[in-house]
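The values are calculated or read from the model by the stated rules, or taken from the named source; none is laboratory data. In this text, all values refer to a predicted model and were calculated from it rather than measured experimentally. For neighbour counting, all protein chains shown are included, and Cβ atoms are generated from backbone atoms with ideal geometry for every residue, glycine included. Accessible surface is based on the protein model in full, side chains and every heavy atom, while ligands, DNA and RNA are left aside. Shrake-Rupley method; radii C 1.70, N 1.55, O 1.52, S 1.80 Å.
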Amino acid sequence: FSEITSAIDNANKKQQPVLVFFENFDYMNEFYASSEFTPFFKQAQILSERNDDHEIKNRVNLATRNNQVTLLTKAFGRGIDFIVVEKSVKDAGGVHVIQTFVSLEESESLQIEGRTARQGEKGTF
């Protein structure tokens, strides 16, 4: 957990929003409840299959805001476009994506990595 929070902190110092992908809901919640994650509570949100469609839409829109931290399950690594609209985020290098698990399929990892640098924009993984 300390390595994940260190990566979040590094991206935050650059004022990048962070998408943190977890293999499953339980591990994501364990991380969210950890003492290591406590400093990020005010800027954090969770996006999982347990959110309804309205919550998902709102949280996807918030995910690319300056210094936002979004914890997600791997299901959101495919098919969701996280669009950056804030110039300050673009200037900071775009969205930073952290994958906290090793994918069994290369295509899954590529899809998760693809949540950054959308539509020719900058981003890091």
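Using +1 on the beta carbon of Lys and Arg, -1 on that of Asp and Glu, and nothing else charged, what's the dipole of the range 61-106 about the Cα centre, debye to 20?
In total the dipole reaches around 140 debye.
Express the accessible area of the chain per residue in Å², computed with a 1.4 Å probe while the remaining protein chains stay in the model.
It amounts to 55 Å² per residue over the chain.
Using DSSP to call loops (not H, G, I, E or B), can you name the chymotrypsin sites (Phe, Trp or Tyr not before Pro) in the range 34-112 whose Cβ has at most 16 other Cβ atoms within 10 angstrom?
Loop-located and lightly packed - Phe101.
For the chain, what is the per residue volume of the convex hull drawn over the alpha-carbon atoms, in cubic angstrom?
Spread over its residues, the Cα hull of the chain gives 96 Å³ apiece.
If we sort 85-95, 8-18 on the protection proxy, mean other Cβ atoms within 10 Å, highest first, what's the order?
Values: 85-95: 16.4, 8-18: 19.1.
Result, highest mean Cβ count within 10 Å first: 8-18, 85-95.
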